[in-house]
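The values are calculated or read from the model by the stated rules, or taken from the named source; none is laboratory data. Keep in mind it's a predicted model, so treat the numbers as computed, not measured. Neighbour counts run over all protein chains shown; Cβ positions are idealised from the backbone, glycine included. The area values use the complete protein model at the heavy-atom level, side chains included, leaving out ligands, DNA and RNA. Shrake-Rupley method; radii C 1.70, N 1.55, O 1.52, S 1.80 Å.
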Amino acid sequence: MTPWVTIAEADTYFLTKWGASAWASLVNLQKEQLLSSAYNWMKSQYSISDSSTDPKIKRAQYELAWYIYNFYNEHLKHQALNAQGVKSFTIMSFSETLTQAVFPPFIADMLPDDALSSTGGKIVSVHRDLST
């Protein structure tokens, strides 16, 4: 298990999170994979001690695990398009612009100030223009 949270702690967290009832249907292996992926991603982005017990770090790990669960496939598709040099595309009246961005800002905002020395990793951010 990752140093910051346990599956039992995550289960408790997601019991009270609105819209996260799907967490309960996951098997422990899936939960472990999500929490480990979140841990590894956070460690690749920020200088956070493995021994941290800060509740803000734990919350960020829960939320990043949930983000990965919900958006990982979308992230991979956009990452692949970006790697091929696609900057934007239009299908009929739908257009999308792909840009590089830092770690998900809403999760970075959860972290304590002393963890915010970013190591500079990037993810793909999406801007969709649905106005036309």
What are the pairs, 6+ residues apart or on separate chains, where a residue within region 72-99 that is over 26 Å from SER37 (Cα atoms) has its Cβ under 6 Å from a residue that is loosely packed, with under 11 Cβ neighbours inside 10 Å? SER93/THR132; GLU96/ARG128
Kindly list the number of the only condition in (1) touching a Phe, Trp or Tyr at 6+ places or on another chain (Cβ under 9 Å); (2) more than 14 Å from THR6 (Cα to Cα); (3) open to solvent by 90 Å² or more (accessible area, probe 1.4 Å) that fails for LEU111. (3)
Could we say that GLU63 is surrounded by fewer than 16 Cβ atoms within 10 Å (Cβ to Cβ) and either among the charged types (D, E, K, R) or over 17 Å from the mean Cα position of the chain (by Cα) (or both) here? no
Any hit, region 33-41, residues being open to solvent by less than 20 Å² (accessible area, probe 1.4 Å), touching a Gly at 6+ places or on another chain (Cβ under 8 Å), part of a helix (DSSP H, G or I) and closer than 18 Å to PRO105 by Cβ: no
Of the residues in region 72-92, those that are open to solvent by less than 60 Å² (accessible area, probe 1.4 Å) and within 14 Å of the chain's Cα centre (by Cα) number 1
Of the residues in region 50-108 that are part of a helix (DSSP H, G or I) and among the acidic types (Asp, Glu), the one that is modelled with the highest pLDDT is GLU63
Identify, by number, the condition in (1) open to solvent by less than 50 Å² (accessible area, probe 1.4 Å); (2) touching a helix residue (DSSP H, G or I) at 6+ places or on another chain (Cβ under 6 Å) that TYR69 doesn't meet. (1)
